[in-house]
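Trainee: My questions will all concern the structure given below.
Since every read-out is calculated from the coordinates, none of them should be taken as a lab result. As the structure is a computational prediction, the values presented were derived from the model and not from experiment.
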């Protein structure tokens, strides 16, 4: 079993279909029993959908900078 921290660490890879079968099973087992992480996954799925739908929208420079900074910080975790 994996804990919530580990589940969230693997979530984006799971959504990108880039995790191994064993990692996928571990995450799915965790999601089957953890409502909080299921909510996080639902949020991530909706965020991806929203971002994909708005990819042709021009962002203001300050919003683009904040988004880039946030993504870089998340990548460093």
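Trainee: Output the 0 to 90 degree angle, nearest 10, between the alpha-carbon long axis of helix 21-33 and the longest principal axis computed from the alpha carbons of the chain.
Mentor: Its long axis makes an angle of about 90 degrees.
Trainee: What's the angle, to the nearest 10 degrees (0 to 90), between helix 4-15's Cα axis and the longest principal axis of the chain?
Mentor: 70 degrees
Trainee: Under 10 Å, Cα contacts only: if you run a Gaussian network model on the chain, which one of 59, 31, 15 comes out with the highest mean-square fluctuation?
Mentor: Among 59, 31, 15, the largest GNM mean-square fluctuation belongs to 59.
Trainee: For the Cα atoms of the chain, what angle does the longest principal axis make with the long axis of helix 61-76, in degrees from 0 to 90, nearest 10?
Mentor: Computed tilt is about 30 degrees.
Trainee: Which one, (i) 20, 62, 18, 0; (ii) 17, 42, 30, 11, 1; (iii) 11, 16, 18, 28, 21, 4, gives P(r) over Cα pairs in 10 Å bins from 0, in percent as derived from the coordinates shown?
Mentor: This structure yields the entry labelled (ii).
Trainee: GNM, the chain, Cα, under 10 Å: largest mean-square fluctuation among 49, 64, 33?
Mentor: Among 49, 64, 33, the largest mean-square fluctuation in the Gaussian network model of the chain belongs to 64.
Trainee: Which of these, 47, 67, 26, has the largest mean-square fluctuation under a Gaussian network model of the chain (Cα springs below 10 Å)?
Mentor: 67
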